[in-house]
Amino acid sequence: MKIPWIKLKEYLDHEDYELISHLQELCVRKDGITLKLELDYKLGATVESTGMIGLKQMNEFMYFTGQQLVGYMGISQFGGKGSPMEITGMVHPEFRRQGIFTQLYALVTAERKRRNAGGMLMLCDRTSLSGQSFVKKDGCGIQTFGI
């Protein structure tokens, strides 16, 4: 049995980038949706942040089963402290309906409170049935934008 675990990071490294990109390609191909994950931007921010010590803000939330990445949620905050956080994420099609996205969302919500962020915008493709369902069920008070 593969044991699930969650990896929290401030910045992406190349290995994370590759794992998340692979999961993104799988979800896009399976669901025919668009995901605005900002991975290239985030990887660039990692390069610029070298020399920083310690985890100051959690922006990357990765859910693994064994060594396989099966869920991801990321935060982008473009306006600095107090600006709204943009969140988006995905779960491997074979691992949906197991509470993975809900667990990641709970961690992101806790991070939002810790940062005292100015709000949260959940980005979701308007054709994503699972994404729209989550927003209607659990995303009370969150603005959603179709992409």
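The values are calculated or read from the model by the stated rules, or taken from the named source; none is laboratory data. Only a predicted model underlies this, so the values are computations on that prediction, with no experimental measurement involved. Positions of Cβ are backbone-derived with ideal geometry, glycine not excepted, and every protein chain shown enters the neighbour counts.
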Taking the condition of being at pLDDT 90 or above, out of contact with any Phe, Trp or Tyr (no Cβ under 9 Å at 6 or more places or on another chain) and among the aliphatic types (A, V, I, L, M), how many residues in the range 95-130 meet it?
2
Being within 16 Å of Ile3 (Cα to Cα), out of contact with any His (no Cβ under 9 Å at 6 or more places or on another chain) and either loosely packed, with under 15 Cβ neighbours inside 10 Å or among the polar types (S, T, N, Q) (or both) is the requirement here; does Gly66 meet it?
yes
Filtered residues of the range 83-133 (kept if outside any strand (DSSP E or B) and in contact with a Pro (Cβ under 6 Å, 6 or more places away or on another chain)):
Gly118, Gly119
Restricting the range 70-94 to residues that are surrounded by 16 or more Cβ atoms within 10 Å (Cβ to Cβ) and of a type in the set (Ser, Thr, Tyr), which is modelled with the lowest pLDDT?
Ser76
